[in-house]
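One structure is given here, and the rest of the page talks about it.
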Amino acid sequence: SSVPNVTLGNGVAMPQLGFGVWQVPDDQAETAVAQALADGYRSVDTAQIYGNEEGTGRALAASGVDRGELFVTTKLWNSASETWTRDAVLREFDASLARLGLDYVDLYLVHWPRAMRDDYLTILRTFGEIAESGRARAVGTSNFHPPQLRRVVEETGVVPAVNQIELHPYLQQSELRALHAELGIATEAWSPLGQGKGLLDDAVIGRIAEKHGRTPAQVVLRWHLRIGNVVIPKSVTPSRIRENIDVFDFDLDEDDLAAFATLDRGTRFGPDPDTFDWN
Ligand code: NAD
């Protein structure tokens, strides 16, 4: 495939562009992941809470792609235990592996920090053990903010390989990206297309797309790649699944990058990690 890898802090290679399956029902996930793999995607981003680890696993198994070429991410949800213990984390990890039909994942993430609680340190320590055992080639976080990231690194010694955060042209996350660079954490952008809501109708993005003869989604993905993000766009529409990986044969210029920089406005399409505490 034409997708370049990024090298995570522990030396593991991760495709810079992958396929997200949030809000895709299990059966549909099987079909969509199968198509994505046929189109050249090798990285898939699922989660316990998405309810589609089984369909994702079925598509991976049926694809005929060597396990060693695949990069599978799943995430520990908030809810399984009021206060996390080592045993509870290990139990949830085993359950995810079983649903995926895998004996290891490439990346295991803490889905949300629940910043108002302290048990994410227990989770990260246990994730460190899982990584040691080889059952996750890398472990990391999602939706962690600077105070939690610093605390994790200082108190557990586990450096997340990745922090997966909401990031798109309307929420460019420069503070977190700088901290990630300082700590050696890769930045992975969720909702990289702003969930398709409004961002793709932006006039500035439309102009850049027109200039390159590409779609707004393609120039937004190209922008992410140019600034070093890992991206995991989601679609269940075959033409869009193809379009979203067809972004490696053109580039943005300095004018385009300057125009993208003006779009940052702190708009979130998802919840704010500082207050999000779903169970
Ligand atoms: P996204 O930014 O990838 O947008 C997806 C939506 O954009 C689609 O449903 C469709 O409506 C539209 N779209 C996709 N491709 C298009 C195209 N080529 N042209 C026009 N419209 C297009 O949104 P997302 O699904 O929220 O994020 C991507 C992935 O990130 C998810 O599937 C999931 O894997 C992950 N994610 C993680 C978290 C987290 O808390 N860690 C939260 C949200 C999403």
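The values are calculated or read from the model by the stated rules, or taken from the named source; none is laboratory data. Just so you know, these numbers come straight off a predicted model, no measurement behind them. Here the Cβ positions follow ideal geometry from the backbone for every residue, glycine too, while neighbour counts run over all protein chains shown.
Does at least one position in segment 106-122 carry a residue that is within 16 Å of the ligand (Cβ to nearest atom), at pLDDT below 95 and among the hydrophobic types (A, V, I, L, M, F, W, C)?
Among the residues of segment 106-122, at least one is within 16 Å of the ligand (Cβ to nearest atom), at pLDDT below 95 and among the hydrophobic types (A, V, I, L, M, F, W, C), which makes the answer yes.
Do any strands (runs of 3 or more DSSP E) entirely within segment 1-90 hold 2 or more residues that are over 17 Å from the mean Cα position of the chain (by Cα) and either closer than 26 Å to Leu183 by Cα or modelled with pLDDT under 95 (or both), and if so, which?
Filter on segment 1-90 gives an empty set.
With the requirement that a residue be more than 16 Å from the chain's Cα centre (by Cα) and in contact (Cβ under 8 Å) with a residue 60 or more places away in the chain, what does segment 228-240 give you?
Residues satisfying the conditions are Val236, Pro238.
With the structure loaded, tell me whether Gln172 is in contact (Cβ under 8 Å) with a residue 60 or more places away in the chain and not charged (D, E, K, R) or whether it fails that test.
Yes: the conditions hold for Gln172.
Say we look at segment 1-36 and pick out the residues that are within 11 Å of Ile245 (Cβ to Cβ) and hydrophobic (A, V, I, L, M, F, W, C); which of these is surrounded by the fewest Cβ atoms within 10 Å (Cβ to Cβ)?
Across segment 1-36, the extreme among qualifying residues is Val3.
Taking the condition more than 9 Å from the ligand (Cβ to nearest atom) and out of contact with any Leu (no Cβ under 8 Å at 6 or more places or on another chain), does Asp272 pass?
The answer is yes for Asp272.
Out of (1) farther than 26 Å from Gln16 by Cα; (2) touching a Ser or Thr at 6+ places or on another chain (Cβ under 9 Å); (3) surrounded by fewer than 22 Cβ atoms within 10 Å (Cβ to Cβ), what's the single condition that is false for Trp84?
Unmet condition: (3).
Yes/no per residue for (1) of a type outside the set (D, E, K, R); (2) free of Cβ contacts under 8 Å to residues at least 40 places away in the same chain:
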residue	(1), (2)
Glu53	no, no
Thr85	yes, yes
Leu90	yes, no
Ser96	yes, no
Leu102	yes, no
Asp106	no, no
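Please go through segment 155-176 and give me each residue that is within 16 Å of the ligand (Cβ to nearest atom) and within 30 Å of Glu129 (Cβ to Cβ), ordered by number.
Pro160, Ala161, Val162, Asn163, Gln164, Ile165, Glu166, Leu167, Gln173, Leu176
Say whether the condition of being away from the ligand (no atom under 14 Å from the Cβ), surrounded by fewer than 16 Cβ atoms within 10 Å (Cβ to Cβ), closer than 17 Å to Asp277 by Cβ and not acidic (Asp, Glu) is met by at least one residue in segment 143-153.
yes
Answer with yes or no whether Leu121 is under 24 Å from Leu221 (Cα atoms), in a helix (DSSP H, G or I) and either touching a residue at least 12 places away in the same chain (Cβ under 8 Å) or not hydroxyl-bearing (Ser, Thr, Tyr) (or both).
no
If a residue must be without any contact (Cβ under 8 Å) to a residue 40 or more places away in the chain and part of a loop (DSSP other than H, G, I, E, B), how many such residues does segment 250-270 contain?
Here the count works out to 3.
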